[in-house]
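Student: Below: one structure in C-alpha cells.
The values are calculated or read from the model by the stated rules, or taken from the named source; none is laboratory data. Values in this document were obtained by computation on a predicted structure and should not be read as measured data. So basically every Cβ, Gly included, is an ideal-geometry build from the backbone, and we count neighbours across all protein chains shown.
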Amino acid sequence: MTMANEVKKDLPDDSEVETKGKVSGFTQFVVGELETIGGVLTGDPLTQAEGEFNVEVGTVREDIEEDLEESERANDEDEHNS
C-alpha cells in the first residue's frame, strides 16, 4: 500500500463530514434549550440568555447547513448534466 492510499484511508468520507455538520447545529440547539431551562429553574438570567442565544445559533447553523447541501446537490446535478 502506498503512502497516498494510507493517508486517503484515514480521511473521513463526505457522508461523515455532512453528519458531523448536522449534529453540531442540532447539538448547539439542544444545549441551548437545556441552558434556557436551567436558567429558568435556577433563576439565573445570564444562563437563560446564553441558552436562548445558543438556540438561535443552532437554528441558524442548521439552516445554513441545509442551504449548503442543497447548493452542492444543485452543482453536482449541473456538472452531471453538462
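Student: Any idea which residue in the stretch 4-26 is modelled with the highest pLDDT, counting only those that are loosely packed, with under 14 Cβ neighbours inside 10 Å and closer than 12 Å to Glu65 by Cβ?
Tutor: So, considering only residues that are loosely packed, with under 14 Cβ neighbours inside 10 Å and closer than 12 Å to Glu65 by Cβ, the one modelled with the highest pLDDT is Val23.
Student: Could you list, in sequence order, the residues of the stretch 40-61 that are over 20 Å from Phe26 (Cα atoms) and surrounded by 14 or more Cβ atoms within 10 Å (Cβ to Cβ)?
Tutor: Asp44
Student: For the structure I just gave you, tell me whether Glu35 is in a helix (DSSP H, G or I), at pLDDT 85 or above and over 16 Å from the mean Cα position of the chain (by Cα).
Tutor: For Glu35, the condition - in a helix (DSSP H, G or I), at pLDDT 85 or above and over 16 Å from the mean Cα position of the chain (by Cα) - is met.
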